[in-house]
Amino acid sequence: MPTASTSKPPTTQTTPYDLIGGEAVVRRLADRFYEIMDTDPGARRIRAMHGTDLGPIRQLLFEFLSAWLGGPALYFNRPEHRCVMSAHRPYAIGEAERDEWMMCMRAAMDDCALPAEMRALLDQAFSRMANAVRSR
């Protein structure tokens, strides 16, 4: 049995989910992303890939981001969840669509006032993901 002098303190890991503000901020980020996509003419290509009702996809993005950022694994606990690549495979996604998606996400991160360091890290990660789902 370790003594008090030799035992290690418990470690805690702070996740990006925690650093940006947890559930409330992740939900606001997903909501703001789709508000921008729905209203900005510069996002017309990616808006056209979605149905009239953005509610279900907005919820999916919130759930995906929650898990992806290190919070609750909401998306991955869904029985019907798919990997990001499979979910986007049916769509013709090229540079223009990637750039529109990134424009919406960058604006959403700015509007949600994410800390600058987190915006920079997330921008890099989102860029890699947006490039990975390109199909043309």
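No lab work stands behind these numbers, since they all come straight from the coordinates. These numbers were taken from a predicted model, which means no experiment stands behind them.
Taking the alpha-carbon centroid of each part, what is the distance from region 54-70 to region 11-31 in angstrom? The distance from the Cα centre of region 54-70 to that of region 11-31 comes to 12 Å.
Put simply, the convex hull of the Cα atoms in the chain casts, on average, a shadow of 11.0 nm².
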